[in-house]
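Written out below as structure tokens is the structure these notes cover.
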Amino acid sequence: MLGPSLLVAPVFTYGGDVTYYLPTGGWTNWFTGERVHSEHGVWRTERHGFDSVPLWVRDGSVIVTRPDGGSVVFTARREGEEIKVMRS
């Protein structure tokens, strides 16, 4: 877990295989939009290339991003910023 809202599963094998646990609740894959909801958590096994990792956002979380990838520490309230809210 990366804080209470994000789950990142690092890939340590050359083949790209990774097994990880998604805790209870609803989750959305950041890159694909796939949604998973589990009452008791679920183990997942996936294969990833060297340029990707499993990244999941807990439903109900607020993730602040900028289209240009810049820092959002002091600019989250500026006009034109994007706020992504993962539905619950």
Restricting attention to region 9-28, the residues that are loosely packed, with under 14 Cβ neighbours inside 10 Å and either over 23 Å from residue 65 (Cβ atoms) or modelled with pLDDT of 95 or more (or both) number exactly 9
Scanning region 55-88 for residues that are closer than 17 Å to residue 25 by Cα and in a loop (DSSP other than H, G, I, E, B), the one modelled with the lowest pLDDT turns out to be 88
Filtering region 24-38 down to residues that are without any contact (Cβ under 8 Å) to a residue 24 or more places away in the chain, closer than 19 Å to residue 4 by Cβ and either assigned to a loop (DSSP other than H, G, I, E, B) or more than 13 Å from the chain's Cα centre (by Cα) (or both) yields 24, 37, 38
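The values are calculated or read from the model by the stated rules, or taken from the named source; none is laboratory data. Predicted model only: the values in this text are computed from it and were never measured. Cβ sites come from the backbone with ideal geometry, for glycine too, and all protein chains shown count toward neighbours.
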